[in-house]
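Contents: one structure, followed by commentary.
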């Protein structure tokens, strides 16, 4: 059943149920759906409605004081279905090595292994609308177009990603929750406080409200926080009625270790053969009925030997227009002149413009008249490696509460995202390994775009918008907010779902792992409730 | 030394796009017992090779010695294949194969050089440098060439 807190609930309504799920994104919907047939009475509290609404979305606004970061009310969506309403659908499980404690990465290591999570990944595949749980490139040879490159598997391997249609959780699973006898999805219900009872170490109730001013309470036997990697710590930090540092924050870990996946096109491949067949990597559209693509990543052996974190490097074809040195030099000259000086390599730049004049003319035509002139502009120049990389955990990279307040009186988020030099250096070294192997195999030569380093990490930096690490998982409460069951260490009946529990984030999008962990948590809750 | 954006991109395109997939895609046009000549004759795209060679020499000026460079390359090539350089026994095809093998071995063992961001095998960069030195010497002493 779906209810709307704005019209369906009188103010000061008190609700009692077995389980309260806060947030209806991929994690919250999965948990509610998994438990829908258990007979447990479940309330899902969703801040938004069924569609995007400006004033609800604006609740996400916050400030960013660290490394440049996208506006906090853009990277995620606050209505039923959460950010699956705009995700691209790329899925890949974390690798076994991602779960290990890696001696060269401080704060690494999960309290669970990949093999423990595998059965849940299998179930998560279906949720995400994917094929068989097989991410080994060899499995797909002959089933999709092309072949993997002949690379030494102990250096660089081909990895498969499966692409969700993408499943919009709020659309695809809405009916299941609507028809579930014991599930109520309460829309426009924003949780503003989690109240703990210090006498028994449990949450006694939550307070929630709607923008019109009505306020409500809900009391449950157990609670799941599933608001995303930024809102999860925000609500815990805000819930400081009993613990002044916030709920679950006795060791000052809530909000710390914020991570994303930086995406950087920091290297290119010039193939030896301009007709190099990369259809296996999704460069062509001949994948048949499967939606897959593939990328290159480093082998575990290399990561251990070289003490690196991994990258995912897909081949992105770049045409002559995109790659034009003449256009780039033209802009260098124009930008320098606009600042009243000459570019440092004036004659070289002029030479570039002269030799690449057709592309400069093409650029002018496109810009001034919206017309394409030369078909040669679309010829392949090279492949770019639009690389998603793992960010190493850093306690100084964190979510805290700012001084501004939202319409509910909750303090808005202050994000201090930090990227370390070692994260940047890691990328170059990974490219070197990639370049060596592609050179050895005669595939081509790799160029590292070090000359653009500043821009790569600022103006040209892209983001996965994957918010991870802020309520990290550890068996030891000194090092983690939640335990291996995703229960907040210091609170007996409060659980956290979503990528905020990831101690490390790997180099792949998190949704499949979020859903796998949500299924696992749902199974755990079945045992807790003995249903 | 900064190579112009255009020159280097073009160089790489020309060098690497030749049939066979390596710098040395074309056959030698003549046989000679001169090591430097035989190896540099394998180069198909000379303009690009010159750009790489010049960048290499600017970065490693102590390598600007034609004889020494020839010897180093010959050693690398010899250790990588069956080639016997400097004699009449080796065919251009075998020499090409040996050079390729030396390049593969460079990448395998991490003997790489980064020039203007390009990750190149030491051997291929040195051969380009050899071309530059050789042409320079020929221009300086055309009668001796």
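The criterion of being more than 30 Å from residue A:450 (Cβ to Cβ), within 16 Å of the chain's Cα centre (by Cα), within 13 Å of chain A (Cβ to nearest Cβ) and at pLDDT below 95 holds for residue B:97.
This table checks each residue for (1) surrounded by 15 or more Cβ atoms within 10 Å (Cβ to Cβ); (2) in contact (Cβ under 8 Å) with a residue 60 or more places away in the chain; (3) out of contact with any helix residue (DSSP H, G or I) (no Cβ under 9 Å at 6 or more places or on another chain); (4) within 14 Å of chain B (Cβ to nearest Cβ).
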position	(1), (2), (3), (4)
A:324	yes, no, no, yes
A:353	yes, no, no, yes
A:357	no, no, no, yes
A:371	no, no, no, no
A:436	yes, yes, no, yes
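The residues of the stretch A:443-455 that are surrounded by fewer than 18 Cβ atoms within 10 Å (Cβ to Cβ) and either under 21 Å from residue A:275 (Cβ atoms) or facing chain B (nearest Cβ under 7 Å) (or both), listed by number, are A:450, A:451.
Mind checking whether some residue in the stretch A:284-299 is within 30 Å of residue A:101 (Cβ to Cβ), surrounded by fewer than 21 Cβ atoms within 10 Å (Cβ to Cβ) and modelled with pLDDT of 90 or more? Yes: the stretch A:284-299 contains one or more residues that are within 30 Å of residue A:101 (Cβ to Cβ), surrounded by fewer than 21 Cβ atoms within 10 Å (Cβ to Cβ) and modelled with pLDDT of 90 or more. Summed over the stretch A:456-487, the residues that are more than 14 Å from every other protein chain (Cβ to nearest Cβ) and closer than 21 Å to residue A:431 by Cα give a count of 8. Of the helices (runs of 4 or more DSSP H) contained entirely in the stretch A:324-370, those carrying at least 2 residues that are modelled with pLDDT under 90 fall at A:325-338, A:346-355.
Does residue A:419 fit the bill of being at pLDDT below 95 and more than 14 Å from chain B (Cβ to nearest Cβ)? Yes: the conditions hold for residue A:419. When the strands (runs of 3 or more DSSP E) confined to the stretch A:131-219 are screened for residues that are over 28 Å from residue A:20 (Cβ atoms) and in contact with a helix residue (DSSP H, G or I) (Cβ under 6 Å, 6 or more places away or on another chain), those reaching at least 3 such residues are found at A:156-163.
For the stretch B:109-127, a residue qualifies if it is part of a helix (DSSP H, G or I), more than 20 Å from residue A:382 (Cβ to Cβ) and within 14 Å of another protein chain (Cβ to nearest Cβ), and the qualifying residues are B:109, B:122, B:123.
The values are calculated or read from the model by the stated rules, or taken from the named source; none is laboratory data. Here the structure is a predicted model, which means the values were calculated and not measured. Positions of Cβ are backbone-derived with ideal geometry, glycine not excepted, and every protein chain shown enters the neighbour counts.
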